[in-house]
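In what follows, a single structure is set out as structure tokens and then discussed.
Every number here is computed from the coordinates shown, using simple stated rules; none is lab data. Fair warning: this is a prediction, and the values are worked out from it, not measured in the lab. Every residue, glycine as well, gets a Cβ built from its backbone with ideal geometry; the counts of neighbours run over all protein chains shown.
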Amino acid sequence: TTSTPKYAVGFGFTRGDGNKYRYCHFGALANRGNMVATDVSESGLTKIENVGALVANVTTRANENTAPNVVGSRYLQLVITATAAQFDGGYLIVTTGTGAGFTYRVKSHTVTSAGTPVTGNIYMDLYDKVAVTIDSTSDIVIAGQIYANLEPSTTTDAVPIGATVTNNSASSYGWVSTGGLTGVLHDISIGTVGKPIFLSSNTTGAIQCKQSATASTANELVLPVLGYMVEAGSSADYSVVYLTLE
């Protein structure tokens, strides 16, 4: 692990034995053998309605010929609150209204408190040009970069992207295992070889195992399926699993 990045966040490779790994940014302490996920509430933004309602007040950026929010522009002007680098590398999805169905990757953005372009607004830089003008009917959602701002998975931050391979501190960069054999923290239940594994509903960063072929109880199963049990450890210990996240 390092305090500054050595590779692009999200960079991945397959090792000679078939195991798969991704390079990630950690937003909180995550010890080895933890399932980790991006912090949804910090990195993303739930539905914002009528984001283009400020069209009449749009300010064209310096050295640009195309106004934000319209076809051909790489910029949006939005009335949202954003802190430094909060949405960098994330994804903006137009969910309703004009332009609905398009997904744009976020390159960077200004900070709301900076007053750029005006107080309460931000400029958002996109990797791709706006395909359909975003207007007063458009609603958006922002999803964070799934390999950034990672922390041990919970039933709230429940889109795990891999298992840590060593201890990682907040704001550090390092690797997670996304596919193949690895050791992962197990919760109070003891797994069964060959059974699918899921996020624990009891222990942060841990997995639990489906114990039978019958319907699961409420405390036994938290989707999605992460892989399969290979060698089950003791309760609240580590187990060997085969991850199938990619």
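What to note about this one:
- About its Cα centre, the chain has a charge dipole of approximately 460 debye under the convention of +1 per Lys or Arg Cβ and -1 per Asp or Glu Cβ, with nothing else charged.
- Anisotropy class of the chain from Cα gyration tensor, a/c 1.5 cut: prolate
- Taking segment 166-198 and a reference point 7 angstrom along Cα→Cβ of ASP17, the backbone N atoms nearer than 12 Å belong to 180-183.
- Extension reserve of the THR60-VAL141 stretch, reckoned as 0.36 nm per residue once the Cα distance is removed: 26.8 nm
- For segment 1-103, size of Cβ-based charge dipole, Lys and Arg +1, Asp and Glu -1, in debye: 340
- Dipole of the chain, positive end: most advanced residue of TRP175, THR192, ASN34 [Cβ charges, Cα centre]: TRP175
- For segment 40-132: rounded, prolate or oblate by the Cα gyration tensor [a/c cutoff 1.5]: rounded
- Magnitude of the charge dipole, segment 47-184, Cβ model with Lys/Arg +1 and Asp/Glu -1, debye to 20: 200
- Given LYS6/LYS195; LYS6/LYS47; LYS47/LYS195; LYS20/LYS195, the pairs whose alpha carbons are separated by over 32 Å: LYS6/LYS195; LYS6/LYS47; LYS47/LYS195
- Residue-averaged [θ]222 nm for the chain, counting only DSSP H segments that reach four residues, each worth -39500 (n - 2.57): 0 deg cm²/dmol
- Anisotropy class of segment 144-188 from Cα gyration tensor, a/c 1.5 cut: rounded
- A Förster distance of 51 Å, applied to the separation of the beta-carbon atoms of ALA100 and SER235, puts the FRET efficiency at 0.60.
- Exposed loop sites here are trypsin sites (Lys or Arg not before Pro) assigned a DSSP state other than H, G, I, E or B and surrounded by at most 12 other beta carbons within 10 Å; excluding them, the longest clear run of the chain is 16-246.
- Net length gained if the chain between ALA170 and TYR7 were fully extended (0.36 nm per residue, minus Cα distance): 56.9 nm
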